[in-house]
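Below: the structure, in structure tokens.
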Amino acid sequence: MGYTRRMLTPGRPAPPISLPDQHGDAVTLSDYQGRRVLVFFYPKANTPGCTQQACGLRDVVAQVGDTAIIGVSPDKPAAQKKFDDKYELGYPLLADTEHTVAEAYGVWKEKSMYGRQYMGIERSAFRVGADGTLEQVWYKISPKDTPVKLLEALGQ
């Protein structure tokens, strides 16, 4: 497949995001200017690991203050809406069906399962500062560690 990804590092500007959410509304990262944002990427809505990650973040929303949470996956808005409705997540789930944002964040990568090679999302999370720069970058984060790392980063 030959795709080379670019890894992001703290201190750099966060790549822009402009994608439809689970309701079909356009959401941009700049909508949150002046607030911290956790952007997390997950492979597929309604799968066990992604459900654990998304629900873990839902469960800490009250502890993260003004920090916004945004999930991104290649799923279509309708699948994102079913995921949100089923687990009452309550934060934007963005549909990156063309994986352009995933590529910009360096999380679209070659994977393999049962000997089959394919391209997909590497579960990752990024804490974006109020000024739009990356404060923390967690590639290959586990579902259970995503809310833990966010709370640690916020001094919780």
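Assorted remarks:
- Among residues of segment 116-127 that are free of Cβ contacts under 8 Å to residues at least 24 places away in the same chain, those with a beta-carbon under 9 Å from a residue that is assigned to a loop (DSSP other than H, G, I, E, B) at least six positions away or on a different chain give the pairs Y118/M1.
- From I69, I121, I141, residue being of a type in the set (V, I, T) and in contact with a His (Cβ under 9 Å, 6 or more places away or on another chain): I121
- Matching strands (runs of 3 or more DSSP E) fully within segment 7-83 where at least 1 residues are more than 13 Å from A125 (Cα to Cα) and hydroxyl-bearing (S, T, Y): 18-20, 26-28
Each row is one residue, and each column tells you yes or no for (1) of a type in the set (S, T, N, Q); (2) within 13 Å of the chain's Cα centre (by Cα); (3) at pLDDT 95 or above.
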site	(1), (2), (3)
S73	yes, yes, yes
K86	no, no, yes
L89	no, no, yes
Y105	no, yes, yes
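- Condition met for K86 (more than 15 Å from L29 (Cβ to Cβ) and either in a strand (DSSP E or B) or in contact with an Asp or Glu (Cβ under 6 Å, 6 or more places away or on another chain) (or both)): no
- Selection within segment 82-94 - under 16 Å from T47 (Cβ atoms) and surrounded by 18 or more Cβ atoms within 10 Å (Cβ to Cβ): F83, D84, L89, L93
- Inside segment 139-153, residues that are surrounded by 17 or more Cβ atoms within 10 Å (Cβ to Cβ) and over 19 Å from T51 (Cβ atoms) make up a count of 2.
- Boolean, A62 is over 22 Å from L134 (Cα atoms), of a type in the set (G, A, S) and crowded, with 22+ Cβ neighbours inside 10 Å: no
- Exactly one residue among E110, E135 is assigned to a strand (DSSP E or B), touching a strand residue (DSSP E or B) at 6+ places or on another chain (Cβ under 8 Å), of a type in the set (D, E) and more than 25 Å from Q33 (Cβ to Cβ), and that residue is E110.
- Restricting the first member to segment 132-152 and to residues that are at positive phi, and the second to residues that are exposed (fewer than 15 other Cβ atoms within 10 Å of the Cβ) and at pLDDT 95 or above, the beta-carbon pairs closer than 7 Å and six or more apart or on different chains are G132/P13.
- Residues in segment 19-52 that are free of Cβ contacts under 8 Å to residues at least 24 places away in the same chain and among the hydroxyl-bearing types (S, T, Y): T28, T47.
- The residues of segment 1-43 that are surrounded by fewer than 15 Cβ atoms within 10 Å (Cβ to Cβ), among the basic types (K, R) and modelled with pLDDT under 95 amount to a single one, R6.
The values are calculated or read from the model by the stated rules, or taken from the named source; none is laboratory data. These numbers come from a predicted model, not from an experiment. All Cβ positions, even for glycine, are placed from backbone atoms using ideal geometry, and neighbour counts span all protein chains on display.
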